[in-house]
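Read the structure below first, then the notes.
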Amino acid sequence: MSIVTIVGMGFVGLTTAAIFAEKGITVYGVDNDVKKIKKISQAEAPFFEPELGPLLKNVITSGTLKPTMSLQTAIKNSSLIFICVGTPMKPDGSVNLDYIDKVSIEIGRCLKSANHPVVCVKSTVPPKTTEDIVASNIKKMGGNFGIAMTPEFLREGSAVTDSRNPHLIVIGSNDDRTHNIVEEFFRSVYGQTTRILHTNIVSAELIKYANNSFLATKISFVNTIANVCNRIPGADVDVIAQAIGADPRIGPQFLNAGPGYGGSCFPKDVSGFINYCKKIGYDPILLRATDAVNKRQVCTILDLLRQNLKNIRNKPITVLGTAFKKDTDDIRESVSIKLVKELNKSGARVSIHDPMALENAKQVLGNKVRYATSTIDAIRNASAVILMTDWDEYKSLDRTIFLKHTGKCLVIDTRRILNIDSDKNVHYIALGRSQ
Ligand code: UDX
């Protein structure tokens with residue numbers, strides 16, 4: 001059975017490593033963050049992800065997942081090396097390829113002693129990066145290797161399930177030997193009938209950008225409809241989404257209107273793709289609109305607040321949910337954090353709550369807000385409560401609870417998970433539904 005190295009123990013790298021190791025494959029998980037490697041070695045996930053804890057216990061105890069800081073040790077006997085390092089967004093919106101650059105130079109150094117492995121890029125990278133940076137860096141160091149690009153589609157919050165059951169495996173390679181090695185490996189993990197699409201490297205790189213840009217566009221589209229609905233008495237975005245989603249040409253997923261997309265992928269990938277298109281002389285008008293609609297969604301929420309609360313200065317305002325979506329403690333590009341910052345600027349007295357992500361929120365918001373210890377503690381005496389993340393525990397909030405703990409308040413539900421009839425004390429507004 002193959003021995004595999006995965007470089008980069010973030011969401012994609014660690015989950016993928018654990019899933020491969022679960023199948024009995026020896027997997028070296030490499031990262032240069034000592035704290036991360038220590039935690040993983042103790043079978044602890046460095047971030048919250050459902051199902052990952054027990055899975056790590058299993059593969060660390062059985063010894064199939066071997067966390068290490070030594071790339072040299074890891075790749076000495078590996079036939080496949082997956083690069084899963086981050087490709088964050090630069091301040092100008094373009095993609096920061098520093099980690100990709102560094103790691104491929106290091107792989108090149110270690111490969112001198114290794115035996116013709118295949119290096120697969122799993123990180124999201126702009127077209128030509130795999131060949132022009134990764135392959136070129138390794139080649140400069142004189143190593144003997146095959147090169148492939150295998151994009152990843154797992155979602156945070158369901159990373160383990162997604163990794164166990166990928167809807168498609170894309171293998172981008174430019175030669176048959178490499179393709180056969182990678183295909184054989186994936187078939188050994190996922191079975192002979194798993195769906196595999198073979199393409200060249202540059203198309204594989206583009207598939208990931210196209211995939212994420214399309215989903216982001218679907219969200220911005222439904223948010224556009226939601227904002228129209230807010231202005232038309234009787235209109236309801238969810239009914240419209242249900243109807244258009246029933247059309248098989250459209251499909252029901254990613255039609256949940258809300259505060260706008262956040263997280264570590266969509267904002268960065270849409271922006272990185274726009275930037276890339278401009279570089280090659282094409283103005284991607286549609287993607288710019290997707291991005292602009294998303295960025296404006298926080299203003300839509302603030303407008304709803306201001307229209308209904310008039311002055312927000314010195315008012316106690318509660319934001320429920322700081323994670324960019326439920327079932328994660330990730331606050332990267334979370335619209336909720338942007339909203340809290342805007343509320344702070346306007347002089348509101350902000351309280352926030354999240355079942356998992358408060359510690360991460362503290363890192364960026366410091367002492368500018370009150371951190372509530374429970375949902376009830378969060379809403380107590382609030383003039384307005386804005387629900388931003390669709391955590392299951394918020395679903396039980398009803399009119400009686402708001403009445404008891406706030407006396408009188410405005411509730412803005414950006415995810416439409418509550419079901420409250422407004423009265424003179426509790427004024428309920430659902431984004432995407434007219435009042
Ligand atoms: C996404 C892609 O789904 C995944 O394939 C890729 O590998 C990484 O990026 P992720 O960022 O984990 O995954 O979360 P996802 O569930 O896609 O949600 C992204 C954002 O869109 C969240 O802020 C979410 O709340 C929002 N969203 C999603 C909506 O507002 N409406 C929807 O209908 C779906």
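The values are calculated or read from the model by the stated rules, or taken from the named source; none is laboratory data. As the structure is a computational prediction, the values presented were derived from the model and not from experiment. Methodologically, a virtual Cβ is constructed for each residue, glycine included, from the backbone with ideal geometry; neighbour enumeration extends over all protein chains shown. For the accessible areas, the whole protein counts, side chains as well, though only heavy atoms, and no ligand, DNA or RNA atoms are used. Shrake-Rupley method; radii C 1.70, N 1.55, O 1.52, S 1.80 Å.
Here are a few things to note about the model shown:
- Rounded Å value of the spacing that divides the Cα centres of region 205-265 and region 1-62: 34
- Whether region 25-110 is rounded, prolate or oblate, judged on the alpha carbon gyration tensor where a/c under 1.5 counts as rounded: oblate
- Net charge dipole size for the chain [Lys, Arg +1 and Asp, Glu -1 on Cβ; Debye, nearest 20]: 1180
- For residue 141, net neighbour charge (Lys/Arg +1, Asp/Glu -1) across residues whose Cβ lies under 15 Å away: +3
- Grouping the Cα pair distances of region 260-400 into 5 Å bins from zero gives a pair-distance distribution of 2, 10, 19, 20, 18, 13, 8, 5, 3, 1, 0, 0 percent in increasing distance order.
- For region 1-160, diffusion coefficient by Stokes-Einstein and Kirkwood Rh (Cα), 25 °C, 0.890 mPa s, µm²/s: 156
- Its relative contact order, with pairs defined as Cα atoms under 8 Å and 6+ residues apart, puts the chain at 12 percent.
- Which of 35, 122, 341 is most accessible, then next, and so on - probe 1.4 Å: 35, 341, 122
- If you take all other residues with their beta carbon under 11 Å from the beta carbon of residue 327, and give Lys and Arg +1 and Asp and Glu -1, the sum is -4.
- Put simply, the amide H of residue 5, placed in the peptide plane, has neighbours under 5 Å in 28, 80, 81, 82, leaving out anything fewer than 5 places away on its chain.
- Per-residue accessible area (protein heavy atoms, 1.4 Å probe) orders 282, 394 as 282, 394, starting from the largest.
- Shown for region 72-161 is the translational diffusion coefficient from the Stokes-Einstein equation, using the Kirkwood radius over Cα pairs, a temperature of 25 °C and a viscosity of 0.890 mPa s: 179 µm²/s.
- Remark: region 23-101 carries 48 Å² of accessible area per residue (probe radius 1.4 Å; ligands, DNA and RNA excluded).
- C-alpha long axis of helix 266-279 to longest principal axis of the chain, angle in °: 60
- Rounded to two decimals, the Cα-based Rg/Rh of region 161-262, with Kirkwood Rh, is 1.15.
- By the helix-only formula, in which each DSSP H run with n ≥ 4 contributes -39500 (n - 2.57) and the sum is divided by residues, the chain has a 222 nm mean residue ellipticity of -13000 deg cm²/dmol.
- With 20 Å bins from 0: P(r) over the chain, alpha-carbon pairs, percent: 24, 51, 23, 2
- C-alpha long axis of helix 285-309 to longest principal axis of the chain, angle in °: 30
- Checking the cross-link pairs 39/395; 279/362; 122/326; 268/345; 57/112; 36/102 against a 27 Å limit on the alpha carbon distance flags 39/395; 279/362; 57/112 as lying beyond it.
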